[in-house]
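Heads up, the thing below is written out as structure tokens.
Please treat every number below as a calculation from the coordinates, not as lab data. From a predicted model like this one, the values you see are computed outputs, not experimental measurements. Backbone-built Cβ (ideal geometry, glycine too); neighbour counts: all protein chains shown.
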Amino acid sequence: MRPLLIAAALLSIVPPARSAAQSFLGFRALGAPVLASDGRAVGTGNIGIGLRGLEFSVLDPSASARLTLPTVSASMQPTWGSFELEDETGSSNTTRFPLIGIGFPLPEARGVATFTLAGFMEQRWTGERSELIDLAGEQVLVEDRFETSGGTSVARLGWAQRVFRQRLAVGVSVGAYVGRLEQSFDRTLDSLSIGDRIRPFSELSEWRYSGYTLAAGISADPHDLIHLAAAVEWSGDITETPRPGTEGAANTYSVPLRLSGGGTVQLTPRFQLNGSIAWQDWSGATGFPDGAVSHLKFTYGAGLEWRAVQQETRSVPIRFGYRRVVPPFRYHRYDPIETVWSAGLGFNIVEFAAIRLGWIDLAAEYGTRDSHPLSERFWRGTVSLGISRF
């Protein structure tokens, strides 16, 4: 049996326990979702679709169709968080790389080939508990520690192409779920009470994730000032397989269909608004413990971008945004809600005809997550670097 049941017991007894995590949402399931977006999308509150000029997006397979030169982009996200769980409080920090993208135009085929590696779900948390147990008529202090680290990512190969007088773009992608999870449980006893009669106990388990996903998207520019996009993503089951040396059977988890759409309106040459929405119904997903999945479905975001500095070959945009995210998994019985306010700053170092050839995007977010009795707060930064024509 997976030691996840031990983790649930640790976290269900809050007063004598000590815990730390990036997020406790999804500790009974696949983890907390990862925002796999670059600094520009994050700063404008966009969830990854319908933002004009977006180079790479895991939600919008058609986004890279406008690339005209070989392009590489990578993002980094440091996060500082805190939580309240009944009478307990704690904090944590971590750094992850949520998105790496490579695009290579093929003029002969009139399209762009892409490769992206994006985060999907993440599990990083620790639970500790101290208690007295009766052992051969003696009260012995026992300390338990459960730690989990790992998660799931998606590696995708895609193709995007502009059609119909360059005002329409289509894209498809095929991806594989990859990742691993390590879980450890350690129990130590007060040696002054028991001497060498009983030794400490440790257990380590390792699991591997696999699966596949398919996506298709379309975007259009019906007017010079309007950009629209829509996408659909279908996934097979995610399989969790024990690695050699780990006891237990393989588990499978279903991932529901995801529909998303968004758009951008150019109000002035320097000012634009964007909005995006995604629908995904996890309530019918199989393979998860009872009560672990959320029944809410809609995630949405909106924001603005203003080019404070605009020169012929470079620009400096300022961004603001808001997102309301529905994480797929609960802490206990109440559906979770995540709200995020964001601000960002871009440095388009080299730009030609509204196409970025070299850029740095910075974004900062403040967010809250609530799934009673769990309440989490976090600050998150996003740094993205991109270069074309290498």
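Beta carbons within 10 angstrom, averaged per residue: use that to sort the peptides 323-329, 52-58, 67-73, 160-166, highest first.
Ranking, from highest mean packing down: 52-58, 323-329, 67-73, 160-166.
At most 15 other Cβ atoms within 10 Å and a DSSP loop assignment: could you name the trypsin sites (Lys or Arg not before Pro) in segment 71-137 that fit?
ARG110
Using the number of other C-beta atoms within 10 angstrom as an exposure proxy, rank MET76, MET121 with the fewest first.
MET76, MET121
Any idea how far apart SER375 and PHE97 come out in nm if each label point goes 7 Å out from Cα toward Cβ?
Each label point lies 7 Å from its Cα, and together they span 3.7 nm.
Given labels modelled 7 Å from the Cα in the Cβ direction, how far is it in nm from ALA353 to THR188?
Label-label distance for ALA353 and THR188, simple model: 6.5 nm.
Projecting each Cα onto the charge dipole of the chain (Lys/Arg +1, Asp/Glu -1 at the beta carbon, about the Cα centre), which of ALA118, ALA302, GLY245 comes out farthest on the positive side?
Farthest along the dipole direction, towards plus: ALA302.
If we count every other residue with Cβ under 10 angstrom of GLN166's Cβ, Lys/Arg +1 and Asp/Glu -1, where does the sum land?
+3
For segment 68-187, list log₁₀ I(q)/I(0) at each q in 0.13, 0.14 Å⁻¹, using the Debye formula over Cα point scatterers of equal strength and ignoring solvent, two decimals each.
The computed values of log10 I(q)/I(0) come out as -0.75, -0.81.
Tell me, in nm to one decimal, what length is gained between ILE318 and PHE164 on full extension, where the rule is 0.36 nm per residue of separation less the Cα-Cα distance?
Once the chain is fully extended between ILE318 and PHE164, it gains 52.2 nm.
Go from 0 up to the bin containing the longest alpha carbon distance in the chain, width 10 Å each, and give me the % of pairs per bin.
Taking every Cα pair in the chain, the percentages come to 5, 22, 30, 21, 12, 6, 2, 1, 0.
I need the GluC sites (Glu not before Pro) found in segment 67-162, filtered to DSSP loop residues with at most 14 other beta carbons within 10 Å of theirs.
Sites meeting the loop and neighbour criteria: GLU86, GLU108.
Once you place label points 7 Å from the Cα toward the Cβ at GLU247 and LEU345, how far apart are they in nm?
Result for the modelled spin labels: 5.6 nm.
Which order do ILE318, ILE238 fall in if you start with the one that has the fewest other Cβ atoms within 10 Å?
Least crowded to most crowded, the residues run ILE318, ILE238.
Based only on other Cβ atoms within 10 Å, what is the fewest-to-most ordering of THR252, THR79, THR152?
The fewest-first ordering by Cβ neighbours comes to THR252, THR79, THR152.
Give me the dipole magnitude in Debye, nearest 20, for segment 132-280 about the Cα centre, with unit charges on the beta carbon: positive for Lys and Arg, negative for Asp and Glu.
With only Lys, Arg, Asp and Glu charged at Cβ, the dipole is about 1240 debye.
Determine the sum of side-chain charges near SER149: Lys and Arg each +1, Asp and Glu each -1, restricted to other residues whose C-beta is under 9 angstrom from that of SER149.
-1
Can you tell which of TYR331, THR188, PHE201 lies farthest toward the positive end of the dipole of the chain, using +1 and -1 charges on the Cβ of basic and acidic side chains (Lys, Arg; Asp, Glu)?
Of TYR331, THR188, PHE201, it is TYR331.
Report the local net charge at ASN93: Lys and Arg +1, Asp and Glu -1, summed over other residues whose C-beta lies under 12 Å from its C-beta.
Taking every Cβ under 12 Å from that of ASN93, the sum is +3.
Quick check for me: using +1 on Lys/Arg Cβ and -1 on Asp/Glu Cβ, what's the dipole size of the chain about its Cα centre, in debye to the nearest 20?
1760
Among PHE83, ALA231, SER219, flag the residue with its Cα farthest along the positive direction of the charge dipole of segment 4-388, charges on Cβ as +1 for Lys/Arg and -1 for Asp/Glu.
The residue sitting most towards the positive pole is SER219.
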